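Nothing in this text is a laboratory measurement; each read-out follows from the coordinates by a stated rule. Keep in mind that what you see is a predicted model, and the values were worked out from it rather than measured. No Cβ is skipped: glycine too gets one built from the backbone with ideal geometry, and neighbour counts run over all protein chains shown.
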Amino acid sequence: MLKIKLILKIVLVFAFCSVNGQKENVKMINEIDSTFSLYKNNSSHKAFLNHHKNLKKSIQLSYTKGVLESYNSLMWYHGYLNKESYGLDSIMFYSYLFEDKISKLDTKNYSYVIGNYFINKGTILGEIFELTEESLSNYLKAYPYLSKEDKKTIALYNISLSRIYIGKNEYDKALKILLKSIKDSTQMSSKHKHITMGDIANCYSYSGKHQGSLEMNLTILKEEQKSNDSNGFWWTKNEICRNYFNLGMPQKVIDSDL
């Protein structure tokens, strides 16, 4: 009987410790997530230190999402946020760690962070290091991981991807993306819709389709008149003058600028 009581006491002690340990782990994970949100897109040295602290804690807790977020954040810090620390070595170091980690995972459980990582890497390689092909490759890798219900992210993704194609002078590919976006723009914010329409006008112009550019700019002008966007209004007026000039209509240029 005494042995049974002793065994029961031991079991209860272990159960109590286990519950307390689980509560402590949940608390630490919440702290990691909170710290990540607090220092996201922060270029300070304090942010750098906290990303490293998050990484250490996440590894100790076997918190995979925290490990991935930390690698992504440190790559973004070295590659985009902090100009003094720009360097392909640091970027590729954290990139290797991230991609090695996801190669051993069921990635469907980490779609958001993986999609965000490939977009970040593509942005760094394209905007900072002007490695267009590598940038494009990473943007294309990101798409399968993006939630198609997240209209804001998809709109920004399409704008960025189309601009990579514009940079490659592949205007037809850029237009295909942008025209599809504007067709499905019912849930797109007015800001992203305006940017998309402007890029469509530019694409038409760059590819010598000045009539298409003019028609889009006239549509943009109407939107700006409705929203009382004076800066945008005069910018678009200037673009319309350029369209008329390229179409060989000098009188329209004069009339449009009045």
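A viscosity of 0.890 mPa s and a temperature of 25 °C, combined with the Kirkwood radius over Cα pairs in Stokes-Einstein, give a translational diffusion coefficient for segment 47-146 of 181 µm²/s. Taking Cα atoms only, the orientation of helix 45-61 departs from the longest principal axis of the chain by about 50 degrees.
Give, rounded to the nearest 20 debye, the magnitude of the charge dipole that the chain has about its Cα centre when Lys and Arg contribute +1 at Cβ and Asp and Glu contribute -1 at Cβ.
Charge dipole of the chain: 1260 debye, to the nearest 20.
Taking the Cβ-Cβ separation of Leu247 and Leu156 as r and a Förster radius of 35 Å, what is the calculated FRET efficiency to the nearest 0.05?
0.60
For segment 156-163, backbone phi angles converted through the Karplus equation (6.51, -1.76, 1.60; θ = phi - 60°) give residue-by-residue couplings of 5, 4, 5, 4, 5, 5, 5, 5 Hz, Gly and Pro being listed as x. Based on the Cβ-Cβ distance of Lys226 and Ile254, what FRET efficiency does E = 1/(1 + (r/R0)^6) give at R0 = 25 Å, to the nearest 0.05? The pair Lys226/Ile254 has a calculated efficiency of 0.45. Put +1 on the Cβ of each Lys and Arg and -1 on the Cβ of each Asp and Glu in the chain; which of Ala201, Asn231, Leu146 then has its Cα farthest toward the positive end of the dipole? The one lying farthest along the dipole's positive direction is Leu146.
Using only side-chain charges placed at the Cβ, +1 for Lys and Arg and -1 for Asp and Glu, the dipole size of segment 172-258 relative to its Cα centre rounds to 260 debye.
A crude spin-label estimate for the pair Glu134 and Asn25, with each label 7 Å from Cα along the Cβ direction, gives 3.8 nm. Taking the number of Cβ atoms within 10 Å of each Cβ as an exposure proxy, the fewest-first ranking of Ile254, Ile182 is Ile254, Ile182. With respect to the chain, whose longest principal axis is taken over its alpha-carbon atoms, helix 190-206 is tilted by about 50°. Here Lys237 is the anchor, and the aspartates and glutamates within straight C-alpha reach of less than 19 Å, apart from those fewer than 8 places off in the same chain, are Asp199, Glu215, Glu223, Glu224, Asp229, Asp255, Asp257.
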